[in-house]
Amino acid sequence: MAKARIKVPKSVKKGEVFQVKTLISHKMETGLRKNKKTGKMIPRMIINKFVCNYGGKDVFVSDWQAGIAANPYMAFFVKAGDSGPMNFTWTDDDGNITKKTVNIKVSG
Amino acid sequence: MSEKFMTQKYRRRDVLAMAGTGVVAVAGIGLFPGSAQAKHFPRHIPVAQAIKEKIGDKPTKSGRITIELPQIAENGNTVPMGFEVDSPMTESDYVKAVHIFADQNPNPDVATYRFTPQSGKAKISTRMRLLKTQNVIAIAEMSYGTPYMAKTPVKVTHGGCGG
């Protein structure tokens, strides 16, 4: 399980477009490096999919390749709807899923 | 024994004659096109092919999308990269997806970001890998109409991507 961190504003106004910052610890092995001792290629092992679900909808999805740096940081925007959970999922090449949920507080 | 020796000698002479006329050299080029590049990066895909796989043969326009990248990246392993697309992000007019390419990376396809009207803003900041000095290309696919493209050169002092 990779360790993930999310940062969202403490509270937002309805209709406000706010920034969501995400960070997950992952080596993002490219599959192009050689093990110096054995001379064998190290197999690719990256997170290839990120999904942000809010208000029952996948509001933002991204597909990653090996060109994304290790310990992927990503900031994106979401428009505030109703108060409720925002769910994040990261899926890697082995099918391991890391999940994280934050609560969005919408005022006014 | 002596007969076998003769055969081998004949064959060798035959090959030498062929090399003299350039037959062998030509055949060699035909069999291994671009072998020097292939040896170094077995999975290098041309950027045009990677773009075609994502958006097809659609022509692209310039404008509406801007890329934020440093002019010089000291460490190619982690280069801060961002982009913003000028769009009202309404149900009828929004950015469907943005594709990022790095034309000299072993795999030029870097990432695809899929937006919805609920995204509010098609703006991303992240960190990418760059093998060497090259162009970063961003293509924005709109909910309707022509895709928009932007291209930014980055100078890389120390390459990423391992190897």
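Here, each number is a calculation from the coordinates, and none is a lab measurement. All values derive from a computational prediction rather than experimental measurement. Every residue, glycine as well, gets a Cβ built from its backbone with ideal geometry; the counts of neighbours run over all protein chains shown.
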Say the cut-off is 18 Å between C-alpha atoms; which of B:58/B:155; B:61/B:151; B:52/B:151 go over it?
B:58/B:155
Across peptide A:56-62, how many C-beta atoms of other chains are within 10 Å of each residue C-beta, on average?
5
Computed magnitude of the charge dipole of chain A (debye, nearest 20; Cβ of K, R +1, Cβ of D, E -1):
460 debye
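How charged is the neighbourhood of residue B:95? Take every other residue with its Cβ under 13 Å from the Cβ of residue B:95, and add Lys/Arg as +1 and Asp/Glu as -1. Intermediate values should be presented prior to the final figure.
Numbers: positive: B:64, B:96, B:114, B:121, B:123; negative: B:84, B:86, B:91, B:93, B:141.
Taking every Cβ under 13 Å from that of residue B:95, the sum is 0.
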Counting Lys and Arg as +1 and Asp and Glu as -1, what is the net charge of the other residues whose Cβ lies under 12 Å from the Cβ of residue B:160?
+3
Hand me the GluC sites (Glu not before Pro) from segment B:54-113 located in a DSSP loop with no more than 12 other Cβ atoms within 10 Å, in residue order please.
B:91
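Taking the number of other C-beta atoms within 10 Å as the exposure measure, put B:44, B:158, B:99 in order starting with the fewest. All intermediate terms of the calculation are to be shown ahead of the outcome.
Details: B:44 16, B:158 11, B:99 22.
Ranking B:44, B:158, B:99 by Cβ neighbours within 10 Å, fewest first, gives B:158, B:44, B:99.
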Which lysines, on any chain, are close to residue A:79 with Cα under 18 Å apart, when same-chain ones fewer than 8 places away are left out?
A:7, A:10, A:13, A:14, A:21, A:57, A:105, B:96, B:121, B:123
For the pair residue A:63 and residue B:68, what calculated FRET efficiency results from E = 1/(1 + (r/R0)^6), where r is the Cβ-Cβ distance and R0 = 22 Å, to the nearest 0.05?
0.60
Label points 7 Å out from Cα along the Cβ direction at residue A:103 and residue A:5: separation in nm?
2.2 nm
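I'd like the FRET efficiency for residue A:14 and residue B:125, computed as 1/(1 + (r/R0)^6) with the beta carbon distance as r and R0 of 30 Å, rounded to 0.05.
Working: r = 25 Å, r/R0 = 0.84.
With R0 = 30 Å, the Cβ-Cβ based efficiency is 0.75.
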Taking springs between alpha-carbon atoms closer than 10 angstrom, which of A:43, A:72, A:85 fluctuates most in the Gaussian network model of chain A?
A:43
Per the charge dipole of segment B:47-158 (beta-carbon charges, Lys/Arg positive, Asp/Glu negative, Cα centre), the residue among B:110, B:78, B:90 reaching farthest to the positive end is B:78
Net charge (Lys, Arg +1; Asp, Glu -1) of residues whose beta-carbon lies under 9 Å from that of residue A:71, residue A:71 excluded, is +2
Run the reach check for residue A:40 against aspartates and glutamates, Cα to Cα strictly under 20 Å, same-chain hits fewer than 8 apart removed. What comes back?
A:29, A:93, A:94
What is the log10 of I(q)/I(0) for chain A, computed with the Debye formula using one identical point scatterer on each Cα and no solvent, at q = 0.10, 0.16 Å⁻¹?
-0.34, -0.72
